[in-house]
Amino acid sequence: MKNFKSLIRGISAVCIMFVCSVIFTVYSQAATDGIFTYTVKNNAATVTKINDQGLSEIHIPETLGGYPVKSLAHSIMTASYYGDNVILSTVYIPKTIEQIDNSTFFNTYIRKFVVDEDNAYFSSDETGVLFNKDKTIL
């Protein structure tokens, strides 16, 4: 009985280590393309950082590394990590974006969003306010 319990503990430990290594591998594999750092999961790219230092406009690409860019993670602007209050004149959101985290543009002042008209999830009005597609949620 004692050997059986040891065997079960050993198998449990190996399983936990395997799961942790898979999670670490999935979430630690970041790639960079120009000013964008991104991860890929389920054949879709998520922008995790934008090196926005000195830029006044950001054009989020439709693809990174051959994968469609479908989401923007939290706090993706690098300048916000340096305590800068960056002012961007315009952020362009492509038709491929399906998810934007509530804190994606934390500590960044954006004057205007321009969302591709073919985006099924988001829209912007003539003044550059970012909305859901139906313009019912900011």
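Quick notes
- Residue 39 vs. criteria of a type in the set (Val, Ile, Thr), open to solvent by 40 Å² or more (accessible area, probe 1.4 Å), over 17 Å from residue 94 (Cα atoms) and assigned to a strand (DSSP E or B): no
- Any pair with Cβ under 8 angstrom, 6 or more apart, that starts in the range 112-138 at a residue that is farther than 20 Å from residue 59 by Cβ and ends at one that is open to solvent by 80 Å² or more (accessible area, probe 1.4 Å): 132/121; 133/121
- Strands (runs of 3 or more DSSP E) contained in the range 49-114 and holding at least 1 residues modelled with pLDDT under 95: 57-59, 86-88, 90-93, 108-110
- Against the numbered list (1) assigned to a loop (DSSP other than H, G, I, E, B); (2) modelled with pLDDT of 95 or more, residue 138 comes up short only at (2).
- Residue ID - farthest from residue 99 (Cα to Cα), chosen from residues in the range 117-132 that are under 19 Å from the mean Cα position of the chain (by Cα) and open to solvent by 50 Å² or more (accessible area, probe 1.4 Å): 120
The values are calculated or read from the model by the stated rules, or taken from the named source; none is laboratory data. Computed from a predicted structure; not experimentally measured. Cβ coordinates were reconstructed from backbone atoms using ideal geometry, including for glycine residues, and neighbour counts include every protein chain displayed. These area figures cover heavy atoms from the full protein model, side chains too; ligands, DNA and RNA do not enter into them. Shrake-Rupley method; radii C 1.70, N 1.55, O 1.52, S 1.80 Å.
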